[in-house]
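Have a look at the structure below, then the notes.
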Amino acid sequence: MKKQMGAYVSLAAAMAIVGSSVVVGKLMVERIPVFLSSGLRFLIASVVLLMLLFCIEKGFPALTKKMCSYYWCNHSQACFCSVFACCMGFNIRRERKAAF
């Protein structure tokens, strides 16, 4: 039961992060350009992830060929998501202008 509750808490935390990022994204698009906001978002995420990497792993881990192919697939998916986020930002900006 404790393991299941941990999964529920993790899922709720992930949904809270995703939901808040949509709200923050809408607020950012109103004030700064879409590509700048996307770049800032990825810069902040990269800094946080690198800090976690060095705190937890104490440096870069050794990579095997299998891991490199996995990371390449993951990177391709992330590129698609960043294009999607930029398109969503343009759409939010267009809808805001049309509403007024």
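A few notes on this one:
- Taking the number of Cβ atoms within 10 Å of each Cβ as an exposure proxy, the fewest-first ranking of M28, M15 is M15, M28.
- Spin-label model, V22 to L53: label points 7 Å out along the Cα-to-beta-carbon direction sit 3.0 nm apart.
- Here the label points at L43 and L63, each 7 Å from Cα along the C-beta direction, are separated by 2.4 nm in the simple model.
Since every read-out is calculated from the coordinates, none of them should be taken as a lab result. Because the structure is a prediction, the values reported are computed rather than measured. Quick reminder, even Gly has a Cβ in these numbers, built from the backbone with ideal geometry, and neighbours come from all protein chains shown.
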